[in-house]
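Reading through the structure tokens given below for one structure.
The values are calculated or read from the model by the stated rules, or taken from the named source; none is laboratory data. Keep in mind it's a predicted model, so treat the numbers as computed, not measured. All Cβ positions, glycine included, derive from the backbone under ideal geometry; neighbour counts span all protein chains shown.
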Amino acid sequence: MADVLDQKKPILDIKNLYINYKAFGGLCYVINGLSLQVFPGEKIALVGESGCGKTTTVKSILRVLPRQARIPGGSILYNDQDILKMKKSQLNRVRKRELSMIFQDPTAALNPVFTVGYQLSDIIKYAEIVDKRDRNAVKRKAVQALKDCSMPDPERIMENYPFQLSGGMRQRVCIAMALATASNLMIADEPTTNLDVTIQDQVLKLIRELTEEKGMSLILITHSIGVARMMADRICVMYAGNIVENAKSKKILENPLHPYTIGLMDSIPKLTGDSIFSGIPGTLPSYQNPPPGCRFSDRCPHVHAPCIEKYPPSFDTGDGHMVACYLYDKEHLLLNKKGNSEQ
Ligand SMILES: Nc1ncnc2c1ncn2[C@@H]1O[C@H](COP(=O)(O)OP(=O)(O)OP(=O)(O)O)[C@@H](O)[C@H]1O
Ligand SMILES: [Mg+2]
């Protein structure tokens, strides 16, 4: 894999992002000062347990958050321009040609009353990739998009309604739609959750090959560390609205640092050994009344005073391996050592 981390300028730069939801009983403070950079051609996996805010984060990039969401702070720079401040026309231009998203549920993403061909052609016309009045050119492009996704007999598939396709085929149609238009960044939100294991593998390989061919960046959301390892140059581990650890995939897998990441790794069932995996005791904190300090503190085996007072910043432990945990705060460690030796 290309060592894309060495490239200087990110294509996407999310800075200190906060997102709240209006809910019964008050605001939910979900995304809590999240920062994330994606470099050209880089593949990133966003990993974390259910409800930690992965979908919320990526929906904010395309500005497709539900109505209850508010963004009180932060910026999302795409090629140096803040998506959150873009006018509708400018945002549409970016959505048409540059960014796209594959959703978790392909059945919900396709309209049941139109044929695949109609929906794919519609997107191609909307993105104005070919002259939209030239029906043959639009059709050729649509067929090509299906062929690129290894769809057998694309001409026939064009005439089919979504219900006439299998789950794996429907997801391929969604990938074809996303790839027909986007050229810079693909966001895939758990694209294989509803598919069986063999098809999962094929769909993931397809996403990887096609994004690599086009030199696109990828943000892949997944629950599975195994999928992250197979797909991504870099893994970002999310917990309760923040990225708690961010490093090259190999580094994070060989040497996880954050207590949450370590717990996550321990939760993977092993083939050797006779014990049932330990998992991480406890649950995500309440978003309506989140703790002021580290949001993992009440589940953390290493919790100590500063963790409860203030959210830890991200510490660079070398070679871009970032961890938001006071255990890796050099100053704090020095103070602790000094304190211990003075006692
Ligand atoms: N429309 C909404 N209104 C209120 N709260 C919401 C809304 N959408 C999401 N949330 C809350 O935001 C939090 C994060 O949700 P999100 O869907 O981003 O999590 P996720 O990491 O994608 O989870 P999963 O892995 O299950 O898809 C959850 O606690 C959820 O209840
Ligand atoms: Mg989600």
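Observations on the structure shown:
- Residue that is farthest from ligand 2 (Cβ to nearest atom), among those in the range 51-64 that are more than 21 Å from residue 247 (Cα to Cα) and either in a loop (DSSP other than H, G, I, E, B) or of a type in the set (Lys, Arg) (or both): 63
- Of the helices (runs of 4 or more DSSP H) lying entirely inside the range 107-211, none contains at least 3 residues that are in contact with a His (Cβ under 9 Å, 6 or more places away or on another chain) and either within 16 Å of ligand 2 (Cβ to nearest atom) or modelled with pLDDT of 85 or more (or both).
- Each residue in the range 82-106 was checked for being among the hydrophobic types (A, V, I, L, M, F, W, C) and in a helix (DSSP H, G or I), and 4 pass.
- A residue that is away from ligand 2 (no atom under 16 Å from the Cβ), polar (S, T, N, Q) and assigned by TED's automatic domain parsing to the domain that holds residue 312 occurs somewhere in the range 9-16.
- Residue that is modelled with the lowest pLDDT [pool: residues in the range 239-274 that are at negative phi and of a type in the set (Gly, Ala, Ser)]: 267
- Check on residue 75, of a type in the set (Gly, Ala, Ser) and not in a strand (DSSP E or B): no
- Any hit, the range 29-44, residues being in a loop (DSSP other than H, G, I, E, B), within 16 Å of ligand 2 (Cβ to nearest atom), surrounded by 17 or more Cβ atoms within 10 Å (Cβ to Cβ) and in contact (Cβ under 8 Å) with a residue 40 or more places away in the chain: no
- Scanning the range 93-114 for residues that are crowded, with 18+ Cβ neighbours inside 10 Å and more than 16 Å from ligand 1 (Cβ to nearest atom) returns 94, 95, 99, 100, 110.
- Any chance residue 61 is away from ligand 1 (no atom under 15 Å from the Cβ), among the β-branched types (Val, Ile, Thr) and in the same structural domain as residue 246 (by TED's automatic domain parsing): no
- Set 155, 159, 245, 212: member being in the same structural domain as residue 281 (by TED's automatic domain parsing) and closer than 30 Å to residue 141 by Cβ: 212
- If only residues of the range 192-211 that are without any contact (Cβ under 8 Å) to a residue 24 or more places away in the chain and closer than 21 Å to residue 144 by Cβ are counted, the one that is nearest to ligand 1 (Cβ to nearest atom) is 205.
- Filtered by the rule that a residue be more than 16 Å from ligand 2 (Cβ to nearest atom), touching a residue at least 60 places away in the same chain (Cβ under 8 Å) and surrounded by 14 or more Cβ atoms within 10 Å (Cβ to Cβ), the range 213-226 gives 216, 217, 218, 225.
Residues are listed down the side, and each one gets a yes or a no for (1) aliphatic (A, V, I, L, M); (2) without any contact (Cβ under 8 Å) to a residue 40 or more places away in the chain; (3) out of contact with any Ser or Thr (no Cβ under 8 Å at 6 or more places or on another chain):
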| position | (1), (2), (3) |
| --- | --- |
| 121 | no, yes, yes |
| 140 | no, yes, yes |
| 148 | no, no, yes |
| 162 | no, no, no |
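- Residues in the range 64-92 that are within 26 Å of residue 207 (Cα to Cα) and either away from ligand 1 (no atom under 11 Å from the Cβ) or outside the structural domain of residue 24 (by TED's automatic domain parsing) (or both): 64, 76, 77, 78, 79, 83, 91, 92.
- Residue selected from the range 282-324 under the condition away from ligand 1 (no atom under 16 Å from the Cβ) and among the β-branched types (Val, Ile, Thr), by the criterion farthest from residue 31 (Cα to Cα): 317
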